[in-house]
Amino acid sequence: MNSVILLDPRPEWPQHFRDAAAQLHTAFAATPIQIEHIGSTAVPNLCAKPILDILLGAPDLSSITAKIPQLGVLGYRYKPEHERVIPERRYFSRPAADTPAVHLHAVVHGSLIWRRHLAFRDALRSNPELTHKYAELKRRLATLHADDRAAYTDAKGPFIAQVLAAGET
């Protein structure tokens, strides 16, 4: 599916995240990890695609790579082709079943990509006006790029960069 479909916020999204996080903690039982809910489903009152974005922070990329078989058992598909664009991330997807689809972004805990994901999420969570502006942008872009998810995602880039830059000052 390459189309962009936005849903109004769903009260069950946080519980779906908690359930997925519990499974991930089990898969990484012997590895110290931190798991965060990121993306639009992690922000109250924000429209979102019906996809949970999860950020998993581990001590190093090799400890993530070592868990690919366990993640496969949980239904996650490793997508190594995404490393051409973001080599410091291991990306997995889990298709929708009884719960929303999941995009798992596994990175080194504390890395720049880790900090940027959390900074953007936290900026939206702490500023309802910013969340409203982002929702308006997302709706406009979803209409403009209804059949091109990559273009939709790319078009959000300047807004995200502006929010992150404002947080650095």
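If I fit a long axis through the Cα atoms of helix 128-144 and take the longest principal axis of the Cα atoms of the chain, what angle between them do I get, 0 to 90°, rounded to 10?
90
Which percent, nearest 5, of DSSP beta bridges in the chain are antiparallel? Write down the numbers at each step before the final one.
On the way: 14 of 22 bridges.
Bridges in the chain are about 65 percent antiparallel.
When the solvent-accessible surface of protein heavy atoms is calculated with a 1.4 angstrom probe, in what order do I64, I5, I33 fall, highest first? Don't jump to the answer; show the numbers that get you there.
On the way: I64 0, I5 80, I33 30 Å².
Sorted by accessible area, descending: I5, I33, I64.
With every protein chain in place, what's the accessible area of F159 (1.4 Å probe, Å², nearest 10)?
Only protein atoms counted, so the area is about 30 Å².
Taking amide H positions as placed in the peptide plane 1.01 Å from N, state which residues far from L7 in sequence (5 or more) or on other chains have amide H under 5 Å from it.
A48, K49
Give me the percent of the accessible area of the chain that comes from carbon and sulfur atoms, probe 1.4 Å, all protein chains in place.
Whole-percent figure for carbon plus sulfur exposure: 56.
Determine which lysines satisfy two conditions relative to K67: a Cα distance under 20 Å, and not lying fewer than 8 residues away in the same chain.
List returned: K79.
For the chain, take N as its residue count and report Rg(C-alpha) divided by 2.2 N^0.38 Å.
Values: Rg = 15.7 Å, N = 169, 2.2 N^0.38 = 15.5 Å.
Ratio of Cα Rg to 2.2 N^0.38 Å: 1.01.
Please report how far the C-alpha centroid of segment 9-32 lies from that of segment 98-114, rounded to the nearest whole angstrom.
11
Using each residue's phi in segment 66-72, evaluate 6.51 cos²θ - 1.76 cosθ + 1.60 at θ = phi - 60° and report the 3J(HN,Hα) Karplus result to the nearest Hz, with x for Gly and Pro.
5, 9, 3, x, 5, 5, x
In whole Hz, what ³J(HN,Hα) sequence does segment 4-15 give by Karplus (6.51, -1.76, 1.60; θ = phi - 60°), x for Gly and Pro?
9, 10, 9, 10, 5, x, 10, x, 7, 4, x, 5
For segment 77-87, just list the computed ³J(HN,Hα) in residue order, Karplus coefficients 6.51, -1.76 and 1.60, θ = phi - 60°, integers in Hz, with x standing in for Gly and Pro.
9, 6, 10, x, 4, 6, 6, 5, 8, 10, x
The values are calculated or read from the model by the stated rules, or taken from the named source; none is laboratory data. Small disclaimer: the values here were computed from a predicted structure and weren't measured. For accessibility, only protein heavy atoms count, side chains too; no ligands or nucleic acids. Shrake-Rupley method; radii C 1.70, N 1.55, O 1.52, S 1.80 Å.
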